[in-house]
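One structure below.
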Amino acid sequence: MTQDTWGQVRGELLKSVGKNNFSAWIEPITFNTVQNRTAHFNVPTNFIGTWVTQHFSDVILRHLISAGVDVDRVQFAVNAAALASNAGNSNSAPTPTPAPAPAPQSRKAVQAAPQDLPESALNPAHTFANFVVGKPNELAHAAARRVAEGGAVSFNPLFLYGGVGLGKTHLMHAIAWELRQSQPQLKVIYLSAEQFMYRFIRALRDQDTISFKETFRSIDVLMVDDVQFIAGKNSTQEEFFHTFNALIELGKQIIISGDRAPVDMEELDNRIASRLQCGLVVDLHPTDYELRLGILQQKVEAQRERHPDLKIAPGVMEFIAHRVSSNVRVLEGALTRLFAFADLIGCEITMDMTQECLSDILRASDRKVTMEEIIKKTCEHYHLRQTDLMSPSRARNIARPRQMAMYLCKKLTTRSLPEIGRKFGGRDHTTILHGVRKIEELISLDSQIAEDAELLRRMLEA
Ligand code: ADP
Ligand code: MG
């Protein structure tokens, strides 16, 4: 059996078990191997393993067999590697609602429009009414509101930036919904920078750049999401710059988002960056406890409308708001899983169940140690200066601590060997691997090293 077969079986499972069950229980499973007619899978937590074994092993087995896999048993085990990768996934999960495909625009084809407008579908849930405002996002929210009121152009362009899952896309959709409602005559277009690029490339290929330009210049409000995507892609940036200028000169509103401030986007065309600076640049800060709690409460309310008998023990929401990271998408993923659970077994969501059910997400949020901290603490522990640790010196009293820091970076962060190599003054990834292995070996041989490793780990994780 191959990963492809598993992919196929997952597709079938989605149909049999339904979307909710699928995202809560089947999605976290990864296929490992088939041995002695047993299919082995990895699961991120014991809890998921037990649940899946009890409730889904028959249906999984059945689908495997119908896909032609020669098995008569399935087994689920918790695996450390799967855990790490799952923790990584949960940061971006759940996958944002349907991939923004260009909306069908058959009506446009009848009109004399030179090209279909490449707009993306808007998520109906991304409205101002559903956006919870707190200290970290109040400025961005106020600016978005103002722009959505239309009227005399106030902030142009509006640039929203911030980390993943902090609500940039949500706010842009909210502006679009609002404008479409209050001023339906305006041509409001929302699309990702990626789509902008694909449209442009297609126009180049079809030698149709003139109508590409005309199409874009006929827009009243243009929103381009995740502009970092085109940074460094030169001909696309060039075209974007011209579109941008043309619209600004016509007094049309532009709203752009990115993952960093324009000045920090190294590969972004300077002219674009300085144009962006002329408008209003606002950032969405990482969420704080109050905002997370507000968002959780709002989502629970919404869920209660569908399931009036939903019961949640006191303190559970506060616990999640405390312990789950600042990314709202991760917060939503946690709730989805809890709701699915409560829905399935029809019981109150208790603290115990929450801890068990979300243990992988909680663990992933716990681990926020950075390589900088590791290097700093390691130097303090061994009384070294950072410049020594980074130096090429092979002296044992420097090389060992350096290897220790490499080892800790590998164990305590999700950084790859090449990334760690770059952090350690551009060392090769094989050097890092050697260092990591050396410490692993010494930990079992040398109690002093083992003690150092343990002490540092505890200090860093505290
Ligand atoms: P970004 O585009 O910044 O990566 P998104 O706008 O896609 O983030 O937000 C991620 C998820 O979190 C979305 O489902 C969004 O609805 C939700 N979200 C983010 N911020 C808020 C908020 N302040 N109130 C309610 N939901 C939010
Ligand atoms: Mg986004």
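Key figures for this structure:
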| read-out | value |
| --- | --- |
| Size of charge dipole - region 317-433 - debye, nearest 20, with Cβ of Lys, Arg +1 and Asp, Glu -1, no other charges | 1080 debye |
| Other-chain or far-sequence residues with amide H under 5 Å of Gln253's (modelled H) | Leu222 |
| Dipole axis of region 115-214 (+1 Lys, Arg; -1 Asp, Glu on Cβ), positive-most option in Val132, Gln181, Ala203 | Val132 |
| Extension gain from Ser182 to Asn156, taking 0.36 nm per residue of separation minus the Cα-Cα distance | 7.4 nm |
| Listed peptides 211-222, 333-344 by packing density, highest first (mean Cβ within 10 Å) | 333-344, 211-222 |
| About the Cα centre, charge dipole magnitude for region 295-346 (Lys/Arg +1, Asp/Glu -1 at Cβ), debye | 120 debye |
| Charge dipole (debye, nearest 20) of the chain; +1 at Cβ of Lys and Arg, -1 at Cβ of Asp and Glu | 540 debye |
| Computed accessible area, Glu440, all protein chains, 1.4 angstrom probe, square angstrom | 80 Å² |
| Degrees, to the nearest 10: 447-461 long Cα axis against longest axis of the chain | 30 degrees |
| Packing-based order for 249-259, 128-138, using average beta carbon neighbours within 10 Å, highest first | 249-259, 128-138 |
| ³J(HN,Hα) computed for each position of region 133-142 - Karplus, 6.51 cos²θ - 1.76 cosθ + 1.60, integer Hz, glycine/proline x | 9, x, 3, x, 10, 5, 5, 4, 5, 4 |
| Per-residue [θ]222 nm for the chain (sum of -39500 (n - 2.57) over DSSP H runs n ≥ 4, rounded to 500) | -17500 deg cm²/dmol |
| In degrees, nearest ten, helix 168-182 long axis to first principal axis of the chain (Cα) | 30 degrees |
| Degrees separating the helix 193-205 axis from the principal Cα axis of the chain, which is the longest one | 60 degrees |
| Rg/Rg_globular for the chain, with Rg_globular taken as 2.2 N^0.38 Å and Rg from C-alpha atoms | 1.14 |
| Selection of trypsin sites (Lys or Arg not before Pro), region 269-315, meeting DSSP coil and at most 13 other Cβ within 10 Å | Lys311 |
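The values are calculated or read from the model by the stated rules, or taken from the named source; none is laboratory data. In this text, all values refer to a predicted model and were calculated from it rather than measured experimentally. Every residue, glycine among them, receives a Cβ derived from its backbone with ideal geometry; neighbour counts consider all protein chains shown. Remember, those area values only see protein heavy atoms, side chains included, never the ligands or the DNA or RNA. Shrake-Rupley method; radii C 1.70, N 1.55, O 1.52, S 1.80 Å.
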